[in-house]
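Below is one structure, written out as structure tokens, with a few remarks after it.
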Amino acid sequence: MANGAMLPPDFADWDATRLAAEVVVHNRLYWDKNRPELLDTEFDRLVERLRVVSPLHAVLDALGPDPAARVGRPVTHTRSMLSLEKCYDEKTLRDWAAKFVGPVIMTPKIDGCAAMIRYGVDGRLEVAATRGSGTVGEDITGNVKRIDHLPHRLPEGVVGPVEVRGEIYLSLSRFARLAGDFANPRNTAAGALKQKDPDKSAAVGLQFLAYDVVGAGCVTESEKLRLAASWGFLPVESEVLERDALQAGYERYVERRATLDFEIDGVVFRAERVDEQERLGFTSHHPRGSLAYKLQGESGLTILRDVEWSVSRTRIFTPVGIVEPVSLSGATVTRISLHNWGLVQAKGLSLGARVVAVRRGGVIPYLESVVEAGDRPITYPETCPTGGFKLIVRDDVVVCSCTTGCAGAIVGVLRHFVDTIGIEGFGDTWLQILVDNDLLSEPADFYRLRAADLVVFDRMGETLAQKLVDQVAAHVEVPLAVFLAALGVSGLGASASKSLAGHFLSLDRVRAAAPADLLVLPKFAALLASKVTDGLRAMGPHIEHLLEFVKVIDEVEVSAARPTGGPLQGKTFLFTGTLSLMKREDAQASVERLGGKAASGVSKALGYLVVGSEGKAGGKLQKAQEAGVTVLDEVSFMALISQAEASLTP
Ligand code: IVH
């Protein structure tokens, strides 16, 4: 002991309590703080005195370093803790499995913290460490010893040195019960492992699943897992598969993912035969006999707190989930896409629900699954905040029932009608006065106006009143394309109306058309088609009223000019994974109608890779990311299509 202080002369009079307190202080200064204040001989005298005064004092059993103080000290691995080679598609998996013989063992890739636990020749747990750099990890012995199903000694007769390797993780159910600002189970587990106070670490409730045993001479991977189980460990769940069943095995985990009580970020495949693994050997990064087939994107568990409704220009109300902040692929996410009302219902979503959010390819995160229902139902707003119209559900989507525009916009609708039809003389001021006096509320009302109703207003002489009524009367015969365009249906401007009129030839046939019937027309992609048919349907009563006065002149000539170009001209799109919001053919048709092209493979020239919400994106995603191609999820793709469509609509 460096400083060399002496005990005071009266120390021989101290009682056991005073002596024990001094022993604790100087033991810590020596072992844990590396700042001894007493000479070694003086410390020994102190301990001996306590032993005389109180031979069984607990402090005498606790001499030496504090186990917690070991936390974080470097531990050199006897054999490097390597990483795993990653793959994203079936072909890579198949090619990998072709490199060795014998079956393949499959285990879930748990998203936790790798750990090794070393047992000495006497079978006692010697040290536990994190993976760290792979060569040197950090001591976590004190905390690991507090984990359940983790033996401190191997059974009688089992001799070391031997190492059990596995994943320390926090179950989703325990994570959900923890209060506080924890980003995700993995970070929480890592924090708990590095805790200096083992009691605090133990309170978190970490678990350990063994996936490897090093040094026991096993000949298969399953034998290692059985051996670990016989020693008292919980081994990771496993299945031994023939090589033609690997992809199906992976897909079973994709399906089960949301039902597991731990997060997984992939499925680990390993050659079942240890001799085959040894034959394949290692790179400096990974063993060649093992492969991690990654699940797509990063998912995280969070809680749905609220739902906001974002309103599009076309009055579609889209639910946006407000969630507890969760870290996904390095970004803190608080808002997730819930797609549409149909999905909210199909997933049985409720407020307070525990949900898995996924962020794939760095784009908008979305709701993947509901792990546990919440306690409050989700409802959509009853009325549109702008116009106060009732909101209704149509084809899984919440839309505003307002057909002619919101109350404040009615003048605009009437203005559009007269301008399109060619009725002159109605300035905005007059339109507003007539709306305010309940003479105008829909286009058909123009035809109901009589001069006698108008002359009652200031500055409206008989001449002007008659002129307005005559103007209306001069426009009772209206060509179909003009009539359609005058309705003010969103997406049905002059050019789209011409196109519809030219194709369907009569108003009845236009009104009877389904969205799919419109898709054959240039410029009509899926979204625009249903917007137009919906809009026409919603305008039904107003059209009926107009037809009491107006004779629609059906189209006699088919306009066949197919426009070239389009907002997506020169852009290529490739689709991968299963699209859940639209059929792939429809998505491709939309791209083509807007002037873009569907591509068949990933190259640097590819404009966009659209990744479906379901199934797997596979190697295309990886390649696209490597090639710097823009990756879109379905919601972003649909937003892009809507924008392109909007640019077509005059
Ligand atoms: S086998 C060479 N099986 O994944 C390592 N690893 O990305 C062989 N991991 O640090 C490991 N679950 O901690 C294996 N079922 C599992 C696993 C698993 C999670 C971790 C492991 C490693 C990381 C590699």
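So here's what we get for this one:
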item	result
Leading residue by the ranking (modelled with the lowest pLDDT) among those in the stretch 608-650 that are open to solvent by less than 10 Å² (accessible area, probe 1.4 Å) and β-branched (Val, Ile, Thr)	641
Every residue from the stretch 28-39 that is closer than 19 Å to residue 9 by Cβ and acidic (Asp, Glu)	37
Any pair with Cβ under 9 angstrom, 6 or more apart, that starts in the stretch 257-274 at a residue that is open to solvent by 30 Å² or more (accessible area, probe 1.4 Å) and within 9 Å of the ligand (Cβ to nearest atom) and ends at one that is modelled with pLDDT of 95 or more and outside any strand (DSSP E or B)	270/221; 270/277; 270/289
Enumeration of residues in the stretch 155-171 that are open to solvent by 10 Å² or more (accessible area, probe 1.4 Å) and either assigned to a loop (DSSP other than H, G, I, E, B) or more than 18 Å from residue 123 (Cβ to Cβ) (or both)	155, 156, 157, 158, 159, 160, 161, 167, 169
Neighbours by Cβ (under 9 Å, 6+ apart or cross-chain): first from the stretch 566-580, open to solvent by 40 Å² or more (accessible area, probe 1.4 Å); second of a type in the set (Asp, Glu)	567/645; 578/614; 580/614; 580/634
Flag for residue 93 being outside any strand (DSSP E or B), more than 14 Å from the ligand (Cβ to nearest atom) and under 30 Å from the mean Cα position of the chain (by Cα)	yes
Of the criteria (1) away from the ligand (no atom under 16 Å from the Cβ); (2) part of a loop (DSSP other than H, G, I, E, B); (3) open to solvent by 60 Å² or more (accessible area, probe 1.4 Å), which one residue 80 fails	(1)
Residue identified as over 30 Å from residue 472 (Cα atoms) and either crowded, with 18+ Cβ neighbours inside 10 Å or at pLDDT below 80 (or both) among 342, 408, 388, 352	388
Residue list for the stretch 263-308, restricted to those being aliphatic (A, V, I, L, M), outside any strand (DSSP E or B) and in contact with a Gly (Cβ under 8 Å, 6 or more places away or on another chain)	280, 295
Filter result (within 14 Å of the ligand (Cβ to nearest atom), among the small types (Gly, Ala, Ser) and closer than 18 Å to residue 75 by Cβ) within the stretch 101-146	114, 115, 128, 129, 132, 133, 134, 137
Matching residues, the stretch 275-300, being at pLDDT below 90 and more than 14 Å from the ligand (Cβ to nearest atom)	296, 297, 299, 300
Residue match in the stretch 54-64 (condition: open to solvent by less than 30 Å² (accessible area, probe 1.4 Å), out of contact with any strand residue (DSSP E or B) (no Cβ under 6 Å at 6 or more places or on another chain) and either within 16 Å of the ligand (Cβ to nearest atom) or in contact (Cβ under 8 Å) with a residue 60 or more places away in the chain (or both))	no
Hey, residue 208 part of a strand (DSSP E or B), in contact with a strand residue (DSSP E or B) (Cβ under 8 Å, 6 or more places away or on another chain) and either under 30 Å from residue 123 (Cα atoms) or among the hydroxyl-bearing types (Ser, Thr, Tyr) (or both) or not	yes
Residue list for the stretch 477-535, filter: touching an Asp or Glu at 6+ places or on another chain (Cβ under 8 Å), without any contact (Cβ under 8 Å) to a residue 60 or more places away in the chain and open to solvent by 20 Å² or more (accessible area, probe 1.4 Å)	505, 506
Hey, residue 210 aliphatic (A, V, I, L, M), crowded, with 17+ Cβ neighbours inside 10 Å and within 11 Å of the ligand (Cβ to nearest atom) or not	yes
Criterion: open to solvent by 20 Å² or more (accessible area, probe 1.4 Å), closer than 30 Å to residue 72 by Cβ and either away from the ligand (no atom under 15 Å from the Cβ) or not hydroxyl-bearing (Ser, Thr, Tyr) (or both) - qualifying residue of 203, 229	203
Residue check for residue 98: open to solvent by less than 20 Å² (accessible area, probe 1.4 Å) and either within 16 Å of the ligand (Cβ to nearest atom) or more than 29 Å from the chain's Cα centre (by Cα) (or both)	no
Top-ranked residue of the stretch 232-256 - restricted to ones that are within 25 Å of residue 77 (Cβ to Cβ) and surrounded by fewer than 19 Cβ atoms within 10 Å (Cβ to Cβ), ranked as nearest to the chain's Cα centre (by Cα)	234
Residue pairs meeting the criteria (Cβ under 7 Å; at least 6 apart or on separate chains; first closer than 20 Å to residue 476 by Cβ, in the stretch 420-445; second in a helix (DSSP H, G or I) and among the acidic types (Asp, Glu))	439/445; 439/453
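Rundown of residues vs (1) part of a helix (DSSP H, G or I); (2) of a type in the set (Gly, Ala, Ser); (3) over 51 Å from the mean Cα position of the chain (by Cα); (4) modelled with pLDDT under 90, yes/no style:
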residue	(1), (2), (3), (4)
419	yes, no, no, no
431	yes, no, no, yes
446	yes, no, yes, no
467	yes, no, yes, no
471	yes, no, yes, no
475	no, no, yes, no
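The values are calculated or read from the model by the stated rules, or taken from the named source; none is laboratory data. As the structure is a prediction and not an experimental result, all values here were calculated from the model. Cβ coordinates were reconstructed from backbone atoms using ideal geometry, including for glycine residues, and neighbour counts include every protein chain displayed. Note: areas computed on protein heavy atoms with side chains; ligands, DNA, RNA excluded. Shrake-Rupley method; radii C 1.70, N 1.55, O 1.52, S 1.80 Å.
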